[in-house]
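Taking it in order: structure first as structure tokens, then the write-up.
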Amino acid sequence: MDPRIPRLRRKLAAIPLQPLRSRSFGEEHHMFRSGPKLPGARVAAIEAERGIVLPDAFRQFVMYVGGSGAAPFYGLFPLVRCRLLVMEPLGEPGAPRGFERADGTPGPNDLFLHIIEMGCTDVCVLALTGPLTGRVLTGNSDGHWGPDTSPATDFLDWYEGWLDGMSDGRTDRALELTSPGSPPPYPAITVRAR
């Protein structure tokens, strides 16, 4: 087991109890609870079924932390629901690129796994092949913005960055974290009884 795993478990368990932590967009959906861990044999079966190899840091996460649930935005998809995507072809230099479903045939495009629900057509993906293998990217399926590559070298470092940002009470637009001292990013909705 990766030595970062026990530290991530401790940090995740402590987050809901910290009164001055940041708020994470979508946290009410996962409530900082992780879904069941996946046995190594189940992970291997999913990889074989889909013809993919998960980067080791992500494999370690789903096996030893949780196979779904607590993560930035609306949370981590169960592995069996993660879609395979490819990035759209390069257009104008510096122009945003979208993502589309992989058609299942091997091709020249790098393969990405849609791992986290961000809402609408925004996606948080994990690179499975190519020069970004193991890195987390965020973008928009329709190419309205991004993709933006996280500076974290792998999924465990990216996830720990999210936990540390929340614990420190930071505002982080890339992870939709709102610090306790900043105004909420979305207007509060008040429902009044009639």
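The values are calculated or read from the model by the stated rules, or taken from the named source; none is laboratory data. Keep in mind that what you see is a predicted model, and the values were worked out from it rather than measured. Heads up, the Cβs are rebuilt from the backbone with ideal geometry, glycines too, and the neighbour counts pull from every protein chain shown. These accessible areas exclude ligands, DNA and RNA; they are computed on the full protein's heavy atoms, side chains included. Shrake-Rupley method; radii C 1.70, N 1.55, O 1.52, S 1.80 Å.
Select from the range 19-43 the residues that are open to solvent by less than 50 Å² (accessible area, probe 1.4 Å) and outside any strand (DSSP E or B) and list them in ascending order.
Scanning the range 19-43 gives Arg21, Ser22, Gly26, Glu27, His30, Phe32, Gly35, Leu38, Gly40, Val43.
Could you list all residues from the range 44-67 that are charged (D, E, K, R) and open to solvent by less than 40 Å² (accessible area, probe 1.4 Å)?
Within the range 44-67, Glu47 is the sole residue that qualifies.
Of all residues in the range 125-140, which are buried (at least 17 other Cβ atoms within 10 Å of the Cβ) and either free of Cβ contacts under 8 Å to residues at least 12 places away in the same chain or not basic (Lys, Arg) (or both)?
Val125, Leu126, Ala127, Leu128, Leu132, Gly134, Val136, Leu137, Thr138, Gly139, Asn140
Can you go through Ala14, Ala102, Ala70 and tell me which one is in contact (Cβ under 8 Å) with a residue 12 or more places away in the chain and open to solvent by less than 20 Å² (accessible area, probe 1.4 Å)?
After ruling out the rest, the residue left standing is Ala70.
Given the conditions (1) open to solvent by 50 Å² or more (accessible area, probe 1.4 Å); (2) in contact with a Phe, Trp or Tyr (Cβ under 8 Å, 6 or more places away or on another chain), and given that Phe112 satisfies all but one, which numbered condition is not satisfied?
(1)
Filter the range 16-61 down to the residues that are of a type in the set (Val, Ile, Thr) and either touching a Gly at 6+ places or on another chain (Cβ under 6 Å) or at pLDDT 95 or above (or both) and list them by number.
Val43, Ile46, Val53 - these are the residues of the range 16-61 that are of a type in the set (Val, Ile, Thr) and either touching a Gly at 6+ places or on another chain (Cβ under 6 Å) or at pLDDT 95 or above (or both).
Collect the residues in the range 137-194 that are of a type in the set (S, T, N, Q) and at pLDDT 80 or above, keeping them in residue-number order.
Scanning the range 137-194 gives Thr138, Asn140, Ser141, Thr149, Ser150, Thr153, Ser167, Thr171, Thr178, Ser179.
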